[in-house]
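Everything on this sheet refers to the single structure shown next.
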Amino acid sequence: MMLEVDGVGFGYPSHPVLEEVSFSVRSEEFIAILGPNGVGKTTLLRCLNALLRPGAGSVLLEDRDVLAMSRPEIAREMAYVSQRNQPMRMTVFDSVLLGRRPHMGFDVSSRDLAVTEGILRRLNLSDLALRYVDEMSGGEVQKVAIARALVQEPRILLLDEPTSSLDLKNQLEILTLVRDVVRDHGVAALMTMHDLNLALRFADRFILMKGGAIHAAGGREVVTAETIRNVYDVPVTVEQCCGFPVVVPCV
Amino acid sequence: MHIDLQAGPVASRYAGYLRGKRLFLAACLVVLLALACVSISVGSVTIPVAEVVATLVAGRPGDASTIIWNIRLPRVLAACVAGAGLAIAGGVMQSVLRNPLSSPYTLGISHAAGFGAAVAISLLGAGTVSAHIADSVVVRNPYLVTICAFVAAMVATGALLAISRTRSSQPEVMILVGVALAALFTAGTTFLQYFSSADQVAAIVFWTFGDVGRASWPDVALLTAVVLPCMAWFLLNRWNYNALDAGDDTARSLGVHAERVRVTGMLLSSLITAVVVSFLGIIGFIGLLGPHMVRRLIGDDQRFLLPGSFLVGAIILLVSDTLARIVLAPIVLPVGILTAFFGAPLFLYLIVRGYRR
């Protein structure tokens, strides 16, 4: 196993957020973390790379305790894309090059430049390389954020609802990109999502959360009408369409 | 993770783009040097620029040499170092607080430093206050003045950092906090003035105007000894500031110790402010003008924004001081008045236009 999450708990003085969360992640695996707002999805993601310090449990990256690793060490293994990315008055190239920070010495190396160019080419951003990020659309800004995460050369990608504010075309483009990166580069991706149908279309495994704990986890078979009703408190049916399960609300 | 590492046309286009930025910095340096020569040449006695250059480069002796080395050069260097220092302090504050309206002046740190310096001078005997406007305050113990100014600046900085962590740390809120801090420390300075004689009040008021003409060679040396190492530290952290610009979570996930970078950035910016205020009084708006002019021209990339702010800040204060000496000659205006004339409209413009860092 690449990442072992064991009994992770997190809470604020007023209320607990996560309780006894345990699961494992293999390489080349795309995991969708699902659940209603406020259930602790983002908190879980932020506990995995120690942006938040869990109050209980452990996170092991190939037997190394992530919480005992330094920030740059974690950054060389795990990349994080937050839900909202501040568009900066920097070019796309500079903004993506920033992702090399954990690998940089005093200055940018030729390898840093080459990796950045490689990722820009991979994400079809080469033509936009010298455009300012704050002049770009929401979808392009999100792609830049993902490109920045990829130039970290991480083994694990943590993505917090990267498609939540995007139109359908951009959502599909981002999800296809993440799936391809997972398959082609041996990376594991954990993504919090709200769109169950897109999750079913792209992810390999699913973690459904309820009340700060894992309600169900596994392959597509766990995303049933019953689990969805239990987690979201909404009646649904799950039908087949184009070879994929599709969640249809019964309202 | 395997990535195709073939460098290609994008990297070479990018190299050309970086050359443009380096050219901008080189042009700023040339302009600064030229302006410095012009600034040395003008005054009550006009010295031809050629003679200024000959005196500085070849060490030609004479009356002009005495004026240049003893009066004009310390003044010009003080303007350059103080302008550069205030501009990088403002640039770093804008970055670490992620607030485009931040600067030593707008956040009240200059006023705090001014209060600390006034305490050292009037209560702790670190300076002499006299009734002579031309020599209103003589700092006899610059270290004590700087330490007091720094301590007061740190009290203001601590308050700002604490408030910046709360959810209500919108740019407007931070500026209102700056207004409150400035009012508080100005009240403290006024309190000191209340117990002074009329002559001393006049002298302290004059001192707080901000004037680079009062700098002596030892003052310039101490200013430089603080500003240059701080600049070196800021440059070492240029990528960390870029990461902070992308947001705290992004910065930390890129391996940056966000809080440590923020606190050291604010500490060193406050130190620069404290030293400048101790020796030259309160000079406003350079910390806003410098970085924002550079941002408009070459963007937010701190690799170029920091050295650009350093040079443009020096240019702004040097031009302001030169104008202050010639616009109403033979009266020499305190430079703080001119920087406020330039800076206040910019501040209003940033607010009206909808600021963007």
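The values are calculated or read from the model by the stated rules, or taken from the named source; none is laboratory data. For clarity, every value in this text was computed on a predicted model and none was experimentally measured. Here Cβ is always computed from backbone atoms with ideal geometry, including for glycine, and neighbour counts include all displayed protein chains.
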Could you please give the count of residues in segment B:208-262 that are over 18 Å from B:Met93 (Cβ atoms) and outside any helix (DSSP H, G or I)? 8
Within segment A:28-44, does at least one residue satisfy the condition of being within 14 Å of A:Ser58 (Cα to Cα), out of contact with any Cys (no Cβ under 6 Å at 6 or more places or on another chain) and not aliphatic (A, V, I, L, M)? no
With the condition kept exactly as written, say whether any residue in segment B:77-91 is more than 17 Å from the chain's Cα centre (by Cα), modelled with pLDDT of 85 or more and among the hydrophobic types (A, V, I, L, M, F, W, C). no
For A:Leu200, all conditions in the list (1) surrounded by fewer than 22 Cβ atoms within 10 Å (Cβ to Cβ); (2) more than 14 Å from chain B (Cβ to nearest Cβ); (3) within 14 Å of the chain's Cα centre (by Cα) hold save one; what is the number of the exception? (3)
Tally the residues that are closer than 13 Å to A:Val141 by Cβ and among the basic types (Lys, Arg), restricting the search to segment A:57-92. 2
Wholly within segment A:108-226, helices (runs of 4 or more DSSP H) carrying at least 2 residues that are farther than 30 Å from B:Phe304 by Cβ: A:168-185, A:196-202
For segment A:178-189, indicate whether the set of residues that are crowded, with 22+ Cβ neighbours inside 10 Å and away from chain B (no Cβ under 11 Å) is non-empty. yes
Can you name the residue in segment B:253-264 that is modelled with pLDDT of 90 or more and surrounded by fewer than 24 Cβ atoms within 10 Å (Cβ to Cβ) and is also nearest to the other protein chains (Cβ to nearest Cβ) among such residues? B:Gly255
For residues that are of a type outside the set (A, V, I, L, M) and more than 7 Å from chain B (Cβ to nearest Cβ), scanning just segment A:100-109, find the one that is surrounded by the most Cβ atoms within 10 Å (Cβ to Cβ). A:Arg100
Return the only residue of B:Asp211, B:Asp219, B:Asp249, B:Asp245 being more than 19 Å from the chain's Cα centre (by Cα) and touching a residue at least 24 places away in the same chain (Cβ under 8 Å). B:Asp245
When residues of segment B:226-252 are filtered for being within 8 Å of chain A (Cβ to nearest Cβ) and of a type in the set (Asp, Glu), how many remain? 2
Taking segment A:86-99, which residues are surrounded by fewer than 23 Cβ atoms within 10 Å (Cβ to Cβ), at the interface with another protein chain (Cβ under 8 Å from one of its Cβ atoms) and under 14 Å from B:Thr250 (Cα atoms)? A:Gln86
Of the numbered conditions (1) without any contact (Cβ under 8 Å) to a residue 40 or more places away in the chain; (2) touching a Lys or Arg at 6+ places or on another chain (Cβ under 8 Å); (3) surrounded by fewer than 23 Cβ atoms within 10 Å (Cβ to Cβ), A:Glu28 satisfies every one except a single condition; which is it? (1)
When you check A:Ile174 against the structure, is it more than 9 Å from chain B (Cβ to nearest Cβ) and on the phi < 0 side of the Ramachandran plot, yes or no? yes
Working carefully through the options B:Val38, B:Val49, B:Val57, find the one that is surrounded by fewer than 16 Cβ atoms within 10 Å (Cβ to Cβ), in contact (Cβ under 8 Å) with a residue 60 or more places away in the chain and not hydroxyl-bearing (Ser, Thr, Tyr). B:Val38
Looking at A:Glu135, A:Glu117, which is the one that is more than 21 Å from the chain's Cα centre (by Cα) and more than 9 Å from chain B (Cβ to nearest Cβ)? A:Glu135
Can you find, within segment B:280-303, the residue that is modelled with the highest pLDDT among those that are surrounded by fewer than 24 Cβ atoms within 10 Å (Cβ to Cβ) and assigned to a helix (DSSP H, G or I)? B:Arg303
